[in-house]
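**Student:** Could you have a look at this structure, given as structure tokens, before my questions?
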Amino acid sequence: MAGMEYRRLGKSDLKISAIGLGAWQFSEAWGVVEYEKAKQIIAKAYELGINFFDTAMVYGRGLSEEFLGRAIRELGIKRDEIVIATKIPGDFLNRDDVFKATERSLRRLQVDVIDLMQVHWPPAWHNYPTCEYMRALEKLVHLGKIRYIGLSNFAVELMESARQCLSTIDIVSNQVRYNVVERDAEKEIIPYAEKHGIDIIAWSPLAKGAVTGKYTPENLPEFKDVRAGDPLFHPDNFREVWRLVKVLKKVGEKYGKTPAQVALNWIIMASSTVIPIPGAKSPEQVESNAGAVGWRMSFEDWLLIDQVSRSIRITRVTW
Ligand SMILES: NC(=O)c1ccc[n+]([C@@H]2O[C@H](COP(=O)([O-])OP(=O)(O)OC[C@H]3O[C@@H](n4cnc5c(N)ncnc54)[C@H](OP(=O)(O)O)[C@@H]3O)[C@@H](O)[C@H]2O)c1
């Protein structure tokens, strides 16, 4: 597709678009719970050359996976034209549950094999040994039920211990929060990934909409969705974010691009391991996000954004 860029996912043989589509929006958390609406969004993404779709078992407790699987079928998209990534929650990581959960995911997605199965978050309170679930996932690769294994929200130490459990394969990705205002992944996770040929799938690449320019300190809504109580939108933090949004707007004007497109372009330039997966609530938003690639801002503009971004302070201590 003209304008879309493609790349390999980590050391896999999967060819993916440089921008993916996040499918968390297809759940009550974000509000796209009507199937036809989700289908239009998926259709538009596919039409624009986006072939990388990120969902998870927990998104709408299966709803997002179901919508994605159904839409792919109804739109007549061939299986080998797209890459489906899903995630197994940190709560389902004992050996039996890994198999059972994967079987259900396959059914909801209506596919024979999942391209990328990610561990959604490390198990926090269940005391599952790391090697128990990593080996179960490796078994699923050998059984042909998943193609590649990815992690999500794993710190470097946890990535290392997870990788050590695998005998014949390696992980291909770690999916973490990364956007132009929340850059903690740059400290350790991204350098580690770059060194080891692991890709970073950037979640909340638009800072949940905070850097799109449509929310201003004056018109900040009382969110009824997943953003209610999100520290980014706390007035103290949002005033900081807004300083950067003004710069994103200014840079965007030079290129005929929106702040959202500039924000996505900036993270792609920040590291060649990064693949943003913005979520979209309408075909128009997908179209805008697809327009974040196929061009690059100048080094000077990238640096200006970098510097302003570094000067802003976000605190999670909001109460
Ligand atoms: N692994 C994990 O733990 C994890 C965690 C979070 C997310 N994710 C994944 O990452 C994906 C993206 O992250 P996210 O949903 O948190 O946030 P995001 O992509 O940063 O922001 C998405 C929101 O921004 C707004 N938006 C999107 N495109 C826009 C555009 N072009 N112009 C203006 N507004 C636009 C929409 O909300 P409004 O229109 O309502 O403002 C949309 O719901 C998710 O779908 C999911 O697949 C993974």
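The values are calculated or read from the model by the stated rules, or taken from the named source; none is laboratory data. Please read these numbers as outputs of a predicted model, since none were measured by experiment. Note that we place each Cβ from the backbone using ideal geometry, even for glycine, and neighbour counts take in every protein chain shown. Accessible surface areas use protein heavy atoms only, side chains included; no ligands, DNA or RNA. Shrake-Rupley method; radii C 1.70, N 1.55, O 1.52, S 1.80 Å.
**Student:** Filtering segment 179-209 down to residues that are near the ligand (Cβ under 8 Å from one of its atoms), assigned to a loop (DSSP other than H, G, I, E, B) and not polar (S, T, N, Q), which residue is surrounded by the most Cβ atoms within 10 Å (Cβ to Cβ)?
**Tutor:** Ranking the qualifying residues of segment 179-209, first place goes to PRO205.
**Student:** Just checking: which of the strands (runs of 3 or more DSSP E) contained wholly in segment 1-78 hold 1 or more residues that are more than 29 Å from ASP91 (Cβ to Cβ)?
**Tutor:** Hits in segment 1-78: 6-8, 15-17.
**Student:** Mind checking which helices (runs of 4 or more DSSP H) fall wholly inside segment 223-319 and carry at least 2 residues that are within 16 Å of the ligand (Cβ to nearest atom) and without any contact (Cβ under 8 Å) to a residue 60 or more places away in the chain?
**Tutor:** 235-255, 259-270, 283-290
**Student:** Ok, one more. Just to verify a result, which residue in segment 52-81, among those that are among the basic types (Lys, Arg) and either more than 16 Å from the ligand (Cβ to nearest atom) or touching a Leu at 6+ places or on another chain (Cβ under 7 Å) (or both), is least open to solvent (accessible area, probe 1.4 Å)?
**Tutor:** ARG79
**Student:** Report yes if some residue within segment 223-234 is among the aromatic types (Phe, Trp, Tyr), surrounded by 21 or more Cβ atoms within 10 Å (Cβ to Cβ), farther than 21 Å from GLU300 by Cα and at pLDDT 95 or above; otherwise report no.
**Tutor:** Yes: one or more hits.
**Student:** Among the residues of segment 82-103, count how many are within 22 Å of the chain's Cα centre (by Cα) and either surrounded by fewer than 17 Cβ atoms within 10 Å (Cβ to Cβ) or hydroxyl-bearing (Ser, Thr, Tyr) (or both).
**Tutor:** So the answer is 3.
**Student:** Just the residues that are near the ligand (Cβ under 8 Å from one of its atoms) and out of contact with any Leu (no Cβ under 8 Å at 6 or more places or on another chain), please, taken from segment 210-222.
**Tutor:** LYS214, TYR215 - these are the residues of segment 210-222 that are near the ligand (Cβ under 8 Å from one of its atoms) and out of contact with any Leu (no Cβ under 8 Å at 6 or more places or on another chain).
**Student:** Tally time: how many residues in segment 113-165 are within 16 Å of the ligand (Cβ to nearest atom) and part of a loop (DSSP other than H, G, I, E, B)?
**Tutor:** The number of residues fulfilling the criteria is 8.
**Student:** Same structure, new question: Answer with yes or no whether SER173 is in contact (Cβ under 8 Å) with a residue 24 or more places away in the chain, over 20 Å from ASN265 (Cβ atoms), within 13 Å of the ligand (Cβ to nearest atom) and not hydrophobic (A, V, I, L, M, F, W, C).
**Tutor:** yes
**Student:** Which ones in segment 114-144 are open to solvent by less than 70 Å² (accessible area, probe 1.4 Å), out of contact with any strand residue (DSSP E or B) (no Cβ under 6 Å at 6 or more places or on another chain) and under 20 Å from GLY10 (Cβ atoms)?
**Tutor:** PRO122, THR130, TYR133, MET134, GLU138, VAL141, GLY144
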